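Okay, so here's the structure we're looking at.
The values are calculated or read from the model by the stated rules, or taken from the named source; none is laboratory data. Treat the numbers as computed from the prediction; the structure is a model and nothing was measured. So basically every Cβ, Gly included, is an ideal-geometry build from the backbone, and we count neighbours across all protein chains shown. To get the accessible areas, we keep the full protein, side chains included, count just its heavy atoms, and leave off ligands, DNA and RNA. Shrake-Rupley method; radii C 1.70, N 1.55, O 1.52, S 1.80 Å.
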Protein chains: 4
Amino acid sequence: MSGAPSAGAAPRLSRVGVKNITYPVAVLDRTEGRQHTVANVDMSVDLARPMLATEEADLVDILNRHSGEMTAENVPAILADMLSAFDAGRARIEFSFPYFVAKKAPVSGLSGLLEYECRILGEAEPGESGARVNVGVEVRVPVTILHPASVDPERHGSRNQRCVVTVALRFGRIIWIEDVINLVEECASSELYSLLKRPDERHVTLRAYENPRSHEEIALEVARRLAEDENIRWFTVESVSLESMHNHENYARLEWRREGA
Amino acid sequence: MSGAPSAGAAPRLSRVGVKNITYPVAVLDRTEGRQHTVANVDMSVDLARPMLATEEADLVDILNRHSGEMTAENVPAILADMLSAFDAGRARIEFSFPYFVAKKAPVSGLSGLLEYECRILGEAEPGESGARVNVGVEVRVPVTILHPASVDPERHGSRNQRCVVTVALRFGRIIWIEDVINLVEECASSELYSLLKRPDERHVTLRAYENPRSHEEIALEVARRLAEDENIRWFTVESVSLESMHNHENYARLEWRREGA
Amino acid sequence: MSGAPSAGAAPRLSRVGVKNITYPVAVLDRTEGRQHTVANVDMSVDLARPMLATEEADLVDILNRHSGEMTAENVPAILADMLSAFDAGRARIEFSFPYFVAKKAPVSGLSGLLEYECRILGEAEPGESGARVNVGVEVRVPVTILHPASVDPERHGSRNQRCVVTVALRFGRIIWIEDVINLVEECASSELYSLLKRPDERHVTLRAYENPRSHEEIALEVARRLAEDENIRWFTVESVSLESMHNHENYARLEWRREGA
Amino acid sequence: MSGAPSAGAAPRLSRVGVKNITYPVAVLDRTEGRQHTVANVDMSVDLARPMLATEEADLVDILNRHSGEMTAENVPAILADMLSAFDAGRARIEFSFPYFVAKKAPVSGLSGLLEYECRILGEAEPGESGARVNVGVEVRVPVTILHPASVDPERHGSRNQRCVVTVALRFGRIIWIEDVINLVEECASSELYSLLKRPDERHVTLRAYENPRSHEEIALEVARRLAEDENIRWFTVESVSLESMHNHENYARLEWRREGA
């Protein structure tokens, strides 16, 4: 669902809106109910004319009213407000924010917060029987990988690196950000932690050594598990590996759509 | 032309490659023949399997060999090297770089360099009678706008702001970056300069005052002129205005495709 | 108060710590009592040896325990915990965060949140009668300026631009971030807003036209007002102006210290 | 050598200048003679008054004239031009740029360019017998480290991570950027490469395994070697380690000054 270009005819404006608004918001948290964070927000509508100053103010005012609950679940309500304030062909909101999850160290049990960058995107088009709405969620999960080819047969060392797996997905029922994070972390050589004492570190080093995975293998494994979940309709998975021996990054990407979705 | 997602079937890798390589390159310069700059480069191929270490090295080596002439004109040759090194369904390169243009101040004639961010993207698919290649160019042009609604009838001031117009286009014959820059600057209330003395500043302030334009009007005017050029097949224009009285940005976007292109 | 370099003797480590921790924190808000935001945190101690894994965990754990009240007032307590966890020559914490202030549009009275980047720095050295502590606050205030030289005698336009004034200060009694913001905004040609309707915009344009100020004049005026406040012991003021006709920035900087402070 | 704050007296401007100018420059290259790159430049002078538009233009014009040779060796000439254009108490220039070094893979001998971020700072004060000039060089060197505590006695894996060592120094005779890079890379568990085939990777993994070093140990070793060189008068070394199991960074810092310098 993206704006059809004006083909051949005289060019005309499609999307107009406001960008880069930093705003304090509350998002859903499975454990705590609600989590306070700070979002970067873009809001736009498809109009064939410039936006009036009073309309810009309307957009920011809609954000203002919904900032207490900026969740994937609430996005249709925000988009409905945008469509009713403008006589627009489409409304679009996108907001990204750091999301914090409490994690316990594997041996010492020490607990600390870990940050994951998330993005929620929503688009709505007015329809005869109510607006058609599309909501997507994107989560960036940093993990540790240990490359299989690096495991020396004589055990003279191995090679681990930081890898960031970004999953974007569309679904039937709303899904928890925590579930996406868990799924990715289970596919990695090891997850990251906030607090680790020496016995925790040893535990994690050993776990990674026993789970060698290239960044492409992790991307594929994440994709296989997502495809098994009937609730998931579409996804992309991107893995970016910060190579420990080069100063560039390796990456892999795949896209998948459920048949009939 | 983008990789078709694996629909319904088992997920498999599509794009694999290297990212964020900083590299010194030479690009074409209409006045000087060649210009030295520094590019950020992404290169990828569509493979259904992980990339081997030796293949990563091959990608970087292809960059190495072509860095002396990284131009829109030369992109098909780079992509052909990528397709022949890999048995890939598609090859893709994207590089962005600051491009410098010498400009003279309007009254004093002082000359200095102005920087414009550019991006060149190329994709190639192997075909029976040679690869099918698509090349696109993107140029970011910062300009000054003076909002028409801000021109007070009693002349108690007006309101100008910085606006960035980004043009992405596809074409028949290769076009000069300088031509895209000129076209955008002619549509603005005023262009920017590197060096200005006081009489230059007065000249520019007056010129902007006599050419009030909203950022949406500039985007539209740029689009109309591009559509008149038969060589241009497709484009997007985005204008982002750094509002002088708010701390967010306003933006507008449009996309256009020539009939039959 | 900064770590003396090891002069001539064998080099040894001074500062060791953790950097770039993103953490949800609560800060003081004059109107609401408490404000939720997200901070980027650096914590370090002066040790002449590497930090143990368990000590890193201790640092993050101290942050964990204080995150519910990360304020200039609370910094001495955080630093005291750091000094007692380590046998260190000095403890240092620095955290930056977006701070939100509700502002009303001047004519329509519409209310919205505006973001200001803030930074709090604290250093403590152990002393015989308790630790000696230094706390500093830095606030970045974006404003509008209208250059006096740009006001045309025949009223053919004027020239405004975005300017960012950064004030760093040390004080006796804790001061409110809101007071620093107000002081800077009063010295500008105009402050920024979150929501403005057309009559608000006209009001603001006129106000700026009647208050022409260069960025250097604003920096000086801010400095004069700060020097009049006996509670302020030291400050720097930096003004950076995003020139509307060039693609570089102009800046000015000054530093001041109260006699005897 | 930094501007004395106006203590107690009425505040007055000290530094005024231009910032964030992106400019193509040529720098010295030990192998090739000259290297083309792109710099970000700040230039300022200590004036007690605002800068005139014509003076801003003068600053940019001085940059213009020297851009063909922006090297530590040439900084005194640039600063002399700045002092003679302004009747200033001090002139200051700072420019940072990516610097490229050709490196060969250890086994295959493949050659590729590696990027290092560099910064050159210069300050000059007018004196009776010519200006007193201070020039400093800063180089960021990314390396691989393998933490000694991570080497398992039963050889079940080890733990490497990316570390960035930043060296800032002042000296008697001009020194080569390449020499600073070499010195840091020799102290690391392993250096980075641009191109590596599988046998190269094995070689590098093994080398790191045989050279376990914490980031603090590398910082200290770099410092010890710098202190042995009589030409070096002052330095700081900072090591920042991107922890492979946490999502924050560990860091260490030290400063050293030669006795009598």
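List of remarks:
- Applying the set (1) over 30 Å from residue B:112 (Cα atoms); (2) among the charged types (D, E, K, R); (3) in contact (Cβ under 8 Å) with a residue 40 or more places away in the chain to residue C:162 leaves exactly one unmet item: (1).
- Complete set of residues in region A:49-70 that are open to solvent by less than 40 Å² (accessible area, probe 1.4 Å) and among the polar types (S, T, N, Q): A:67
Residue by residue, here is whether (1) more than 14 Å from chain B (Cβ to nearest Cβ); (2) more than 16 Å from the chain's Cα centre (by Cα) holds:
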residue	(1), (2)
C:160	no, yes
C:178	yes, no
C:207	no, yes
C:227	yes, yes
C:234	yes, no
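- Taken over region C:246-261, the residue count meeting the criterion of being at the interface with another protein chain (Cβ under 7 Å from one of its Cβ atoms) and more than 22 Å from residue C:162 (Cα to Cα) is 5.
This table checks each residue for (1) more than 8 Å from every other protein chain (Cβ to nearest Cβ); (2) over 30 Å from residue A:57 (Cα atoms); (3) not small (Gly, Ala, Ser).
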| residue | (1), (2), (3) |
| --- | --- |
| B:192 | no, no, yes |
| B:197 | no, yes, yes |
| B:202 | no, yes, yes |
| B:213 | yes, no, yes |
| B:219 | no, no, no |
| B:231 | yes, yes, yes |
| B:238 | yes, no, yes |
| B:244 | no, no, no |
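- Test: residue in region B:201-218 that is surrounded by fewer than 19 Cβ atoms within 10 Å (Cβ to Cβ) and among the aliphatic types (A, V, I, L, M): yes
Listed here are the residues, each with its yes/no results for (1) of a type in the set (A, V, I, L, M); (2) farther than 24 Å from residue A:197 by Cα; (3) touching a Lys or Arg at 6+ places or on another chain (Cβ under 7 Å).
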site	(1), (2), (3)
C:42	no, no, yes
C:55	no, no, no
C:61	no, no, no
C:76	no, yes, no
C:82	yes, no, no
C:104	no, yes, no
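- Candidates C:128, C:138: the one that is part of a loop (DSSP other than H, G, I, E, B) and either farther than 30 Å from residue C:197 by Cα or within 22 Å of the chain's Cα centre (by Cα) (or both) is C:128.
- The lone exception for residue D:125 - which of (1) among the charged types (D, E, K, R); (2) open to solvent by 40 Å² or more (accessible area, probe 1.4 Å); (3) out of contact with any helix residue (DSSP H, G or I) (no Cβ under 8 Å at 6 or more places or on another chain) it fails: (2)
- Matching residues, region D:189-221, being closer than 28 Å to residue D:110 by Cα and at pLDDT 95 or above: D:218
- Residue check, residue D:145 more than 10 Å from every other protein chain (Cβ to nearest Cβ), more than 19 Å from residue D:98 (Cβ to Cβ) and touching a helix residue (DSSP H, G or I) at 6+ places or on another chain (Cβ under 6 Å): no
- Tabulated pairs, region C:52-70, first in contact (Cβ under 8 Å) with a residue 60 or more places away in the chain, second of a type outside the set (Asp, Glu) and open to solvent by 40 Å² or more (accessible area, probe 1.4 Å), C-beta under 6 angstrom, 6+ apart or interchain: none
- Only residues that are open to solvent by less than 10 Å² (accessible area, probe 1.4 Å) and in contact with a Ser or Thr (Cβ under 8 Å, 6 or more places away or on another chain) were counted in region A:229-238, giving 1.
- Options B:20, B:40: the member that is without any contact (Cβ under 8 Å) to a residue 24 or more places away in the chain and under 18 Å from the mean Cα position of the chain (by Cα): B:20
- Note on region A:71-103: residues that are surrounded by fewer than 18 Cβ atoms within 10 Å (Cβ to Cβ), charged (D, E, K, R) and under 23 Å from the mean Cα position of the chain (by Cα) total 1.
- Given (1) in contact with a Ser or Thr (Cβ under 9 Å, 6 or more places away or on another chain); (2) open to solvent by 10 Å² or more (accessible area, probe 1.4 Å), number of the condition residue B:245 does not satisfy: (2)
- Index of the failed condition, residue C:46 passing every other in (1) within 10 Å of another protein chain (Cβ to nearest Cβ); (2) surrounded by 18 or more Cβ atoms within 10 Å (Cβ to Cβ); (3) farther than 26 Å from residue A:39 by Cβ; (4) at pLDDT below 90: (4)
- Scanning region A:129-141 finds one or more residues that are in contact with a Phe, Trp or Tyr (Cβ under 8 Å, 6 or more places away or on another chain) and within 14 Å of chain C (Cβ to nearest Cβ).
- Within region A:52-67, the only residue that satisfies the criterion of being at pLDDT below 85 and either touching a strand residue (DSSP E or B) at 6+ places or on another chain (Cβ under 6 Å) or more than 10 Å from chain B (Cβ to nearest Cβ) (or both) is A:54.
- Flag for residue A:261 being of a type in the set (A, V, I, L, M), open to solvent by 20 Å² or more (accessible area, probe 1.4 Å) and farther than 22 Å from residue D:249 by Cβ: yes
- Of the strands (runs of 3 or more DSSP E) lying entirely inside region C:1-118, those containing at least 1 residues that are among the hydrophobic types (A, V, I, L, M, F, W, C) and under 30 Å from residue C:205 (Cα atoms) span C:91-104.
- Every residue from region D:107-134 that is at pLDDT 90 or above and more than 20 Å from residue D:165 (Cβ to Cβ): D:107, D:108, D:109, D:122, D:123, D:124, D:125, D:126, D:132, D:133, D:134
- Verdict on residue D:150 being under 21 Å from residue A:161 (Cβ atoms) and hydroxyl-bearing (Ser, Thr, Tyr): yes
- Neighbours by Cβ (under 7 Å, 6+ apart or cross-chain): first from region D:93-120, within 8 Å of chain B (Cβ to nearest Cβ); second open to solvent by 20 Å² or more (accessible area, probe 1.4 Å) and among the acidic types (Asp, Glu): D:98/D:115; D:98/D:117; D:100/D:115
- Among residues of region C:177-200 being farther than 8 Å from residue C:143 by Cβ and among the polar types (S, T, N, Q), the one that is most open to solvent (accessible area, probe 1.4 Å) is C:182.
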